[in-house]
Structure formats: structure tokens, C-alpha cells
Amino acid sequence: MALQFLTDGHYELASGLFYSKHRRPKYYIASDNLCQPHYWGLLPNDFWI
């Protein structure tokens with residue numbers, strides 16, 4: 001639902017992908033459910049190599 005409101009796009013059931021109204025695939029990544037203590041306090045840039 002977040003992607004739909006942010007991009008005015010749609011979910012394709014057959015492919016399992018979400019597309020913007022311009023037919024670009026969009027993804028939603030969340031970090032609000034990190035359960036391991038060694039992940040606490042890390043920022044998104046800490047995960048990119």
C-alpha cells in the first residue's frame with residue numbers, strides 16, 4: 001500500500017512485482033524489524049559495501 005500511494009503504481013500478481021505508473025519496478029525496503037542486537041544502531045549506509 002505504501003508503494004501504491006507513493007508512486008501511483010500497481011502490483012502485478014503474475015510477476016509478483018510492483019510497477020510505477022511509468023512501468024518502472026519499485027521496491028520497498030524496511031528496517032523497522034531488525035531483531036538481532038548487533039544490528040541495533042546501524043544506519044542504512046552501514047550495510048552497503
Please enumerate the residues belonging to the range 21-49 that are surrounded by 10 or more Cβ atoms within 10 Å (Cβ to Cβ), part of a loop (DSSP other than H, G, I, E, B) and over 13 Å from the mean Cα position of the chain (by Cα).
ARG24, LEU34, LEU42
Among all residue pairs at least 6 apart or on different chains, which show Cβ distances below 8 Å where the first residue, located in the range 27-49, is farther than 28 Å from THR7 by Cα and the second is in a loop (DSSP other than H, G, I, E, B) and modelled with pLDDT under 75?
TRP40/LEU34
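The values are calculated or read from the model by the stated rules, or taken from the named source; none is laboratory data. Just so it is clear, the structure is predicted and the values come from calculations on it, not from any experiment. Cβ coordinates were reconstructed from backbone atoms using ideal geometry, including for glycine residues, and neighbour counts include every protein chain displayed.
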